[in-house]
Amino acid sequence: MLFGTQRINAQGHLEIGGCDAVELAREFGTPLYVLDEDALREACRAYKQSFSQRLEAVEICYAGKALLTTAICRVVEQEGLGLDVASAGELYTALQAGFPTARIKMHGNFKSDLEIRMALESGVGRIVIDSISEIDRLARAAGDLGRQAEVLIRVTPGIKVQTHSYIATGHLDTKFGLSMASSVAMDAVQRCLQSPQISLKGIHCHIGSQIFGLDSFARATELMVEFMAKVRDVHQVELAELDMGGGLGIAYTSEDTPPTTEEFAEVIADALLALSLIHI
């Protein structure tokens, strides 16, 4: 399946942006990574359009872990997306590209003190908390800098998805996030609310990558909204932000038939709109 400017030319070679891939390999050697800028921009616009026509307030973020260079940062910024970074290196790349820090979310399941401080000093829009211990370390660092950290809490909704076990991240025994099935996630909420150095804005989940079954996203959305309703009932706090993460599958082979961005957006938007009538 070809996207953007990709095509098969008269010589039977893959062509990207008018450049013959065989000739590129001869000139630059292999392995060689060639990115089709048009295809990247098309994908950014498809996600924005699919969600914005269904939901009033929505932000689409590009996951830096997929591939991050300063050029990609600039494309993502120009297309109006936010940026998800998960390491000091990714954050450094974004800063070197001049990416607006308010549109950066800092993830990472074992952030070092250096990464926490770097995120605070650069003024990223959100820091996504991944463990109980991180709350205390973040609060101390924010206090030392005289700042308040605006955060999301990453929770695991207990969703087992149909994907490779190495890229499934939302099940109960994952190393990522705080479990909703126990008291840990609610304990994290309470700790954040009690800390003057932390401003809790919402919750985040990521159920996995290369997912073809949209039912998993619908169920995750339902569980996240239920958890937000529980936070409201227990702590009398309305969390304003829900960050639904997970990787929509792509076609690696001709037999793969991944959902479209339209179908993906429809499932999540329908679940949110239906649940809001019940819970909010």
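The values are calculated or read from the model by the stated rules, or taken from the named source; none is laboratory data. Source: prediction; values computed, not measured. Cβ: placed from backbone, ideal geometry, glycine included. Neighbour counts: every protein chain shown. All accessible areas refer to the heavy atoms of the entire protein, side chains included, with ligands and DNA or RNA removed. Shrake-Rupley method; radii C 1.70, N 1.55, O 1.52, S 1.80 Å.
Element breakdown for the stretch 93-142 at a 1.4 angstrom probe: carbon and sulfur atoms account for 54% of the accessible area. Over the chain, what is the relative contact order in percent, taking alpha-carbon pairs closer than 8 angstrom and at least six residues apart? Dividing the mean separation by the residue count of the chain yields 13 percent. Given their separation in residues at 0.36 nm each and the Cα-Cα distance between them, SER133 and ALA39 gain 29.8 nm when the chain is fully extended. Can you tell me what share of the DSSP beta bridges in the stretch 1-137 is antiparallel? A percent to the nearest 5 is fine. Close to 35 percent.
Residue by residue, the stretch 84-94 carries 3J(HN,Hα) couplings of 9, 10, 10, 6, 4, x, 5, 5, 4, 4, 4 Hz when phi is fed to the Karplus relation 6.51 cos²θ - 1.76 cosθ + 1.60 (θ = phi - 60°); x denotes Gly or Pro. Local charge for ALA229 was computed over the other residues whose Cβ lies under 15 Å away, with Lys and Arg +1 and Asp and Glu -1, and equals -3. Taking the charge dipole of the stretch 15-114 about its Cα centre, with +1 at Lys and Arg Cβ atoms and -1 at Asp and Glu Cβ atoms, the residue from ALA63, THR101, VAL22 reaching farthest to the positive side is THR101. Note on ALA66 and GLU121: the extension gain reaches 17.3 nm, defined as 0.36 nm multiplied by sequence separation minus the Cα-Cα distance.
Charge tally for GLN11 (other residues, Cβ to Cβ under 12 Å; Lys, Arg +1; Asp, Glu -1): -2. Projecting the Cα atoms of MET228, ILE203, LEU145 onto the dipole axis of the chain, where Lys and Arg carry +1 and Asp and Glu carry -1 at the beta carbon, places LEU145 farthest toward the positive end. Relative to the longest principal axis of the C-alpha atoms of the chain, give the angle of the C-alpha long axis of helix 184-194, reported between 0 and 90° and rounded to the nearest 10°. That helix lies at roughly 70 degrees to the long axis.
If you bin all the Cα-Cα distances of the chain at 10 Å, starting from zero, the percentages per bin are 6, 26, 34, 23, 8, 3, 0.
The angle between the Cα long axis of helix 37-52 and the main principal axis of the chain comes to about 40°, on a 0 to 90 degree scale. Given contacts defined as C-alpha pairs under 8 Å and at least six residues apart, what's the relative contact order of the stretch 186-271, whole-number percent? Over the stretch 186-271, the number comes to 36 percent. In the chain, the DSSP beta bridges split such that about 15 percent are antiparallel, to the nearest 5. Calculated FRET efficiency, THR253 and ARG26, Cβ-Cβ r, R0 41 Å, to nearest 0.05? Step by step, r from the Cβ atoms, then E = 0.90. Tell me, how many Å apart are the Cα centres for the stretch 86-137 and for the stretch 34-50? Comparing the Cα centres of the stretch 86-137 and the stretch 34-50, I get a distance of 25 Å. Give me the net charge of ARG26's neighbourhood, meaning all other residues with Cβ under 15 Å from the Cβ of ARG26; Lys, Arg count +1, Asp, Glu -1. Net of charged neighbours comes to -4.
Counting only alpha carbon atoms, the long axis of helix 215-235 and the longest principal axis of the chain meet at about 20°. Take ASP187: with every protein chain present and a 1.4 Å probe, its accessible area is about 70 Å². Per residue, the chain exposes 52 Å² of accessible surface when a 1.4 Å probe is rolled over the protein heavy atoms with every protein chain present. Round to a whole number: what % of the accessible area of the stretch 199-268 belongs to carbon and sulfur, probe 1.4 Å? Using a 1.4 Å probe with all protein chains present, the stretch 199-268 comes out at 49 percent carbon and sulfur.
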